[in-house]
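Participant: Encoded as structure tokens, here's the structure I'll be asking about.
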Amino acid sequence: MRGGDREAEFREYLLADRTRLMRTALLLTAGDVYTAEDLVQTACTRVYLHWHRIKHEGAGPYAHRILINAFLDERRRAGRHPEVVTAETLEPRLTDVPDQTDTLAIRNALLDLAPRQRAMLDFALQVALRSGAIGDADFARLAEHGFSDEDAWDIAAIAAFFAMSNRLANMSDMRPNDEFYLMGRVPGKR
């Protein structure tokens, strides 16, 4: 394929798919427009670099996968997370009884969520825990907060992917690499 045809094909793909990528990036970043734009730019750049190997029809799923991977890469970078230094060490819990401090912290975090974010989080949780019980009322609740059917699909796809990967990791007793595992567990250099 000549360079001009390749660029025209890529431009056609980008015009058709950029809105969907941006919508997914906004869902991943909880509405942070600037970070979402960076993620979409990263995904589009990587798709362009590999355009010669991608069939036009397969570019959408490929770009979506790159977008999610770019988001995960950003989240894993230690510099993106403020460090919280405590006197306590974080030890794994040997009981299923929830820690009251964790429960209070989670409740406070939930109170800070905007209603739109809470609706998205509730739907994602239902996808992860009770996907068979999702019905028209759940989609209507999302619609009340401005989410389309396509947004619901994106929320479900992301929640299902994380649920699946976490279940596989738990089943196989897989531990993240040391750098990721120790993130937030040991004091870092400032």
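Participant: Return yes when R65 is over 26 Å from A114 (Cα atoms), in a helix (DSSP H, G or I) and at pLDDT 85 or above and no when it is not. First the steps, then the outcome.
Facilitator: Details: over 26 Å from A114 (Cα atoms): yes; in a helix (DSSP H, G or I): yes; at pLDDT 85 or above: yes.
Yes: the conditions hold for R65.
Participant: Looking only at the stretch 125-152, how many residues end up being among the small types (G, A, S) and either over 20 Å from F162 (Cα atoms) or in contact with a Leu (Cβ under 9 Å, 6 or more places away or on another chain) (or both)? Outline the logic, then answer.
Facilitator: Just the residues of the stretch 125-152 that are among the small types (G, A, S), to begin with: 128, 131-133, 135, 137, 140, 143, 146, 148, 152.
From what's left, either over 20 Å from F162 (Cα atoms) or in contact with a Leu (Cβ under 9 Å, 6 or more places away or on another chain) (or both): 135, 137, 140, 143, 146, 148, 152.
Counting residues in the stretch 125-152 that are among the small types (G, A, S) and either over 20 Å from F162 (Cα atoms) or in contact with a Leu (Cβ under 9 Å, 6 or more places away or on another chain) (or both) gives 7.
Participant: Out of the residues in the stretch 138-163 that are small (G, A, S) and part of a helix (DSSP H, G or I), which is nearest to P115 (Cα to Cα)? Steps first, answer last, please.
Facilitator: Taking the stretch 138-163 as the starting set, the residues that turn out to be small (G, A, S) are 140, 143, 146, 148, 152, 156-157, 159-160, 163.
With part of a helix (DSSP H, G or I) added as a condition, the list becomes 140, 143, 152, 156-157, 159-160, 163.
On the way: A140: 14, A143: 12, A152: 16, A156: 18, A157: 21, A159: 19, A160: 22, A163: 23 Å.
The selected residue is A143.
Participant: Between residues in the stretch 103-130 that are under 20 Å from D149 (Cβ atoms) and assigned by TED's automatic domain parsing to the domain that holds A160 and residues that are loosely packed, with under 11 Cβ neighbours inside 10 Å and modelled with pLDDT under 90, which pairs lie under 6 Å by C-beta distance while being six or more apart or on different chains?
Facilitator: From residues that are under 20 Å from D149 (Cβ atoms) and assigned by TED's automatic domain parsing to the domain that holds A160, there are no pairs.
Participant: Given (1) part of a helix (DSSP H, G or I); (2) within 21 Å of S148 (Cβ to Cβ), identify the lone condition not met by A30.
Facilitator: (1)
Participant: Also, quick follow-up: Need pairs with beta-carbon distance below 8 Å; first residue free of Cβ contacts under 8 Å to residues at least 12 places away in the same chain and within the stretch 138-153, second surrounded by 12 or more Cβ atoms within 10 Å (Cβ to Cβ); sequence gap 6+ or separate chains.
Facilitator: Correct list of pairs: D149/F139.
The values are calculated or read from the model by the stated rules, or taken from the named source; none is laboratory data. The structure displayed is predicted, hence computed values, not measured ones. Here Cβ is always computed from backbone atoms with ideal geometry, including for glycine, and neighbour counts include all displayed protein chains.
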